[in-house]
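Nothing in this text is a laboratory measurement; each read-out follows from the coordinates by a stated rule. Treat the numbers as computed from the prediction; the structure is a model and nothing was measured. FYI the Cβ positions are ideal-geometry reconstructions off the backbone, even for glycines, and counts take in every protein chain you see.
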Amino acid sequence: MNTEQLDSIMRSSGAVAWGVATAESVDSEAWERRERWISDGNNARMDYLDRYPDVRRDPRNLLEEARSVIVAAYSYYPSRRQPADAPQFAWYAYGRDYHEVVRARLERVASRLDEVYDGARFRICVDTAPLMERYWAVKAGVGFVGRNAQLIVPGHGSACFLGEIVTTIPLPASTPSEGACPDGCDLCIRACPGGAISRECTVDARRCLSYLTIEHRGAFTDGMPQLGRRIYGCDACQSACPLNRGISPTDIPEFLPSEALMSLTDSDIATLTPERFSSIFSHSAVKRAKLAGLLRNLSALTPRSAAGPPSEDKI
Ligand code: SF4
């Protein structure tokens, strides 16, 4: 299969960008940077990020005899936003759970490849395996890592889900990305409500509202950043980023905003039953926070009357 044929398969899966990296050990500089990030405690209580270092270091430990890592980016950039006074959900949660959607699309890619490459093996990863996915995305030429630690796909911004196919097929490697943020830009650093972003392209999860509203379990403690109106996730750095302006919204139907989510009010959430939560969110990434998490976040929101527009809109 030549690159044009593979491109056609990837584009028809809905990928806005894709590329191939050779399956090999992560280079020492990237690995040491990651180890430092963990040892400085930036992963907060996400202990799972420190597990399976051998797999994380080398995708050949995920799939024996792997030769290539295909990385694909799928835009979720929304065509519209929630009303400013609504409890705010992260853009990525507006539509269906990307784990299901991207996996289904990559499974179709893998089965097309399987028809051509007899005996090939595949491992599909959508945030489900200990892969350093942004590292592989840069290696595969899909984009570069911005100062907010998000992968930025040129022309499509940072509102993109990543998925990978690790495979035994020896595909030609793409040219790694050499992109970078514009000189002197620090809009995301200034926009971050918790001051979580450093100039060295790292994010401290302990100060990140995305982590705190989704992954953090238990009560909020004094000194944590204020949520404002953010009930699930945070897009302050993405909203501030000039590379996310003037780009086309997603055309993947499953990522279009769910009306049930977009119209939720504070009182709708306060009165959610487990059944209603399940009916709205069973195919949504929001289920990760669980009903208890949403209710905890709701109680920490700035009241509607005092909120004004979300802080990213003031920039
Ligand atoms: S806001 Fe500026 S510094 Fe931050 S990710 Fe975007 S381009 Fe890079």
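Relative to the longest principal axis of the Cα atoms of the chain, helix 290-300 runs at roughly 50 degrees.
The stretch between M132 and E4 holds 43.4 nm of extra length on full extension. This uses 0.36 nm per residue minus the Cα-Cα distance. The gain in end-to-end length when the S198 to R36 segment is fully stretched comes to 56.9 nm, 0.36 nm per residue minus the alpha carbon separation. Across the stretch 1-97, the convex hull enclosing all Cα atoms gives 169 Å³ per residue. Report the far tail of the P(r) of the chain, meaning the percent of Cα-Cα pairs longer than 26 Å. Value for the chain: 48 percent of Cα pairs lie more than 26 Å apart. The spacing between the stretch 52-116 and the stretch 216-253, judged by their C-alpha centroids, is 19 Å. Extents of the stretch 187-310, taken as max minus min of Cα coordinates on every principal axis and listed largest first, are 44, 41, 28 Å. Spin-label model, R80/E275: points 7 Å from Cα along the beta carbon direction are separated by 3.0 nm. With θ taken as phi - 60° and the Karplus curve 6.51 cos²θ - 1.76 cosθ + 1.60 applied, the whole-hertz 3J(HN,Hα) list for the stretch 108-114 is 5, 4, 4, 6, 5, 5, 4 Hz, x standing for glycine and proline. Taking every alpha-carbon pair under 8 Å whose residues sit at least 6 apart, the chain reaches a relative contact order of 24 percent.
Between T22 and T175, the modelled labels are 1.7 nm apart [label points 7 Å from Cα along Cα→Cβ].
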